[in-house]
1. Can you pull out the residues in the stretch 221-244 that are free of Cβ contacts under 8 Å to residues at least 40 places away in the same chain and assigned to a loop (DSSP other than H, G, I, E, B)?
2. I need the full set of residues from the stretch 86-98 which are of a type in the set (Ser, Thr, Tyr) and not in a strand (DSSP E or B), in order please.
3. Looking at Val75, is it assigned to a loop (DSSP other than H, G, I, E, B) and touching a strand residue (DSSP E or B) at 6+ places or on another chain (Cβ under 7 Å)?
4. Looking at the stretch 345-375, which of its residues are among the hydrophobic types (A, V, I, L, M, F, W, C) and within 15 Å of ligand 2 (Cβ to nearest atom)?
5. One residue is enough: does the stretch 187-198 have a residue meeting the conditions of a type outside the set (S, T, N, Q) and under 18 Å from Ala368 (Cα atoms)?
6. Looking at the stretch 120-129, is at least one residue within 26 Å of the chain's Cα centre (by Cα), hydrophobic (A, V, I, L, M, F, W, C) and either surrounded by fewer than 24 Cβ atoms within 10 Å (Cβ to Cβ) or away from ligand 3 (no atom under 16 Å from the Cβ) (or both)?
7. Would you please name the residue that is farthest from ligand 3 (Cβ to nearest atom), looking only at residues in the stretch 346-380 that are of a type in the set (Gly, Ala, Ser) and over 16 Å from Met89 (Cα atoms)?
Amino acid sequence: MRNAESLYDLRVDGDRLWRRLEALGEVGAILGPNGERGCARLALTDADREGRDLVVGWMRDLGLAITIDAVGNVVATRAGTDATAAPVMVGSHIDTVRTGGRFDGNLGVLGGLEVMETLEQHGISTRHPISVAFFTDEEGARFQPDMLGSLVYVGGMALEDALDVRAADDNARLGDELARIGYAGPTPCPTATAPHAYVELHIEQGPVLEDEDITIGAVTGVQGISWTELTIVGQSAHAGTTPMRLRHDAGYVAAAITAGVRAIAREMGGTQVATVGRCELLPNLVNVIAAKATMTVDLRNTDEARLEKAEASFHALCDQLAKDEGVTIERRSLARFEPVEFDEGMIKLVQRTAQRLGHSTKMMPSGAGHDAQMLARVCPTSMIFVPSVNGLSHNIAEFTKPADISAGANVLLQVVLAKAMEGAV
Ligand code: HGY
Ligand code: MN
Ligand code: MN
């Protein structure tokens, strides 16, 4: 067993990690007009299956013990010297939004694989086993809620309810799509074994680290998320003959809600954000007053009471508009997660490790949702952020510099070693 000093000197092979990121990014690749290289691998599509097969192949090549559970979560484990010890887990997701990048989620999974390969290459054994996982449908773009796979993994959503979720785009049933792509696995979920600890390497997906010229974010937690689908039903009528006072215009109400939630976020300030990302009008024709609008509202805040305040203002706005315009507004919650605080000890371990490796660091909350917020329900958890160029993500121009990728992966390696050696004699 190497001494602690030499373990401190261990580093990943950044080029090998970059090559895997590039290879996985080719699955569902989108080429932009200015050379952007994004990818589209919506959960449980053929592209997702292809990406899964590629990563499972790499896991197999590394000789890891692979399990696939009943909601399609894949966990690959490297044995430790103490078979009774709970595994230290790393991971993230490899599904993307429709206009996704090559780093969101993928970095956490392939960074974990790189840690495994580095340990194998140097013949390092650890007391705790080490697992690398990718969780099903983290994005929630096709099947809501987001973080669905890790939520089922920790027992936060019943498996049967997850399998019955219908896709927003084609109404496909999640369980059917899982079987169709061959990832309805035999391992029961929720998991029978809580990890010893969980740490997720992820791009920041925002502008803070780049703005402040900082390399590593030690993530303190994840803000609260509230997703609502609205179905607004008015009355279609002729755009030219119908006086304004006699209209029941679903299109107008959708637009008023879009502007209204933005005003709520602006008035509240702080970390409050509001987004209308999806809006479909029916019949969607230039000379017909829209009979129906289906849209989504995404509200987030780091503080639960303020998020509830934003939701109350949003619902009051809907009630007023429905009354004034004479439409009905049906509301369906798609996701609702309270803010999560990560484990103090894990946050400090990430920060201390990054500083020991000579990187600038900052403690910060996550604006985006992550599987880590679900794993935090069952074990000590934190995240490692690396900068996003121009703060862009969920955009094919998403990019993180190779040097920052290596820096994040080395922090991941050293954090995993620190946790996996705990209790070793
Ligand atoms: O929506 C989110 O924050 C995450 O990308 N699922
Ligand atoms: Mn992500
Ligand atoms: Mn994402």
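The values are calculated or read from the model by the stated rules, or taken from the named source; none is laboratory data. Since the structure is predicted, the reported quantities are computational estimates derived from the model, not experimental observations. Note: ideal-geometry Cβ built from the backbone for every residue, glycine included; neighbour counts use all protein chains shown.
1. Thr241, Pro243
2. Within the stretch 86-98, just Thr96 meets the criteria.
3. no
4. Of everything in the stretch 345-375, those that are among the hydrophobic types (A, V, I, L, M, F, W, C) and within 15 Å of ligand 2 (Cβ to nearest atom) turn out to be Ala368, Ala372, Met374, Leu375.
5. For the stretch 187-198, residues of a type outside the set (S, T, N, Q) and under 18 Å from Ala368 (Cα atoms): present.
6. No: the stretch 120-129 contains no residue that is within 26 Å of the chain's Cα centre (by Cα), hydrophobic (A, V, I, L, M, F, W, C) and either surrounded by fewer than 24 Cβ atoms within 10 Å (Cβ to Cβ) or away from ligand 3 (no atom under 16 Å from the Cβ) (or both).
7. Applying the filter and picking the extreme gives Gly358.
Listed here are the residues, each with its yes/no results for (1) of a type in the set (A, V, I, L, M, F, W, C); (2) surrounded by 22 or more Cβ atoms within 10 Å (Cβ to Cβ); (3) in the same structural domain as Tyr153 (by TED's automatic domain parsing); (4) within 30 Å of Lys419 (Cα to Cα).
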position	(1), (2), (3), (4)
Val199	yes, yes, yes, yes
Glu212	no, no, yes, yes
Thr231	no, no, no, no
Gly234	no, yes, no, no
